[in-house]
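Reviewing the structure listed below.
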Amino acid sequence: MSQADLTIHGMVSRTEATEMMTAPTFSVAAKKMAMWLFIIADTATFAGCLVAYGFIRNASANWPRPFHSITNVAIMTLILLTSSLTILFAVRHAEMGDKAKAFRWMMITAVFGILFAVLHLREWMGMISEGATLFHNPWGTPLFSSLFFSITGLHLLHVTGGVIALIAVGIRYQGGRYNADDLEITALYWHFVDLVWMFVVPLVYLLNLSH
Amino acid sequence: MTADTPKSSGMTKDVGVYICLLVLAGIQFVIAYQDISAKQMFERMLIVAIVEAGLALLFFMHLADNRGLRWFVIIFTVAVLFGLQYGWTDSNRLINGVPWAH
């Protein structure tokens, strides 16, 4: 080892300094860190939407409560929560090296995602058939419909993107191009979609339930 | 078989957390049918949602295993959420009018 390698400012060796500079942030791989940064940014997006919804709901005197039943939203919640478990199973099996089971659980998660999207669209169709659109609300202030379709639409967009990612990553994992880490990163995104739903349900649906 | 044991126990933990999340989601639906004011309902549901999100972050997204990343996420998220609260005064003013108008 050369003298230059031994110390920098008499404190750490050059080798140690290089290791410190190249070590991943928080011991998290770059790809995973990128997903975390995306999640934090997306949290700000959804938080902005939900808080803006809160401002408007608070400032509107006659806010409508158009939801009569919780059955559909309860089933959707159950599906999304279960899909979070199935993707965890996929990651666990991938970590154990069981490629076939990991792929199967990934596809089961994708099916749950599709089911969620179908139920969501069915609910939208029901509301549209009652006259609610992005700019018109038959029950009162048009802002309700605008906010409802915007927030749930943004979430649905995330679910759709997630389903495409699940299928694409699953197929590539099956083909040997991706590994367990890639599955885990996709799982992070899917859990985030689930996490957002935990706030959308009470704020957008349950608080607007007619009694 | 022995090497699989930690992963299997991990799956058991995942199922446990999943059941907790289902119960919490169920509690939110029960709150929705309580005979309480919208403000109380909002507060209770928000608390349950935060607990749910915490469980998902810690155990499903494995933040419990990484202290540095956990604080990074918490500090950024809380800062953003606090930053978004600036509009409540305007929101209240729209519905109640300015205090000196009464």
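A short reminder: the numbers here are calculations on the coordinates, not readings from a lab. In this text the structure is predicted, and so the values were computed from the model without any measurement. Heads up, the Cβs are rebuilt from the backbone with ideal geometry, glycines too, and the neighbour counts pull from every protein chain shown.
What's the whole-number percent of alpha carbon pairs in the stretch A:26-208 lying beyond 27 angstrom? It would help to have the intermediate numbers written out before the result.
Values: 5575 of 16653 pairs.
Tail fraction, whole percent: 33.
Between A:S60 and B:Q85, what is the label-point separation in nm under the 7 Å Cα-to-beta-carbon projection?
Calculated label separation equals 2.4 nm.
Quick check on the stretch A:102-149: what are the equivalent-ellipsoid semi-axes from the Cα gyration tensor, as sqrt(5λ), descending, whole Å? Walk me through the numbers before you get to the answer.
Working: eigenvalues 213, 19, 5 Å².
Gyration-tensor ellipsoid for the stretch A:102-149: 33, 10, 5 Å.
Calculate one ³J(HN,Hα) per residue across the stretch B:53-65 by plugging θ = phi - 60° into the Karplus curve 6.51 cos²θ - 1.76 cosθ + 1.60, and present them in order as whole Hz with x for glycine and proline.
4, x, 4, 4, 5, 6, 9, 7, 9, 6, 6, 4, 8
Given the convex hull over the Cα atoms of the stretch B:1-65, what projected area results after averaging over all orientations, in nm²? Could you put the intermediate results ahead of the total?
Details: hull surface 18.8 nm².
In nm², the orientation-averaged hull projection of the stretch B:1-65 is 4.7.
Show me the ranking of peptides A:135-143, A:191-199 by mean Cβ neighbours inside 10 Å, starting with the highest. Write down the numbers at each step before the final one.
Values: A:135-143: 15.0, A:191-199: 23.7.
Order by mean packing, descending: A:191-199, A:135-143.
What spacing in nm lies between the two simple spin-label points modelled at A:K99 and A:I75, each 7 Å away from Cα in the Cβ direction?
Label-label distance for A:K99 and A:I75, simple model: 3.8 nm.
Going by Cα centres, the stretch B:38-66 and the stretch A:32-99 are how many Å apart?
Using only Cα atoms to place each centre, the spacing works out to 11 Å.
Which three extents, in angstrom, do the Cα atoms of the protein assembly as shown have along their principal axes, listed largest first?
80, 51, 32
Which helices pass in chain A if a helix is a full DSSP H run, must span at least 20 angstrom along its long axis by Cα, and must have mean Kyte-Doolittle hydropathy not below 1.0?
Details: long enough: A:30-59 (43 Å, 0.96); A:71-96 (38 Å, 1.30); A:99-129 (45 Å, 0.93); A:142-174 (47 Å, 1.29); A:180-200 (30 Å, 0.89).
Within chain A the helices that satisfy the rule are A:71-96, A:142-174.
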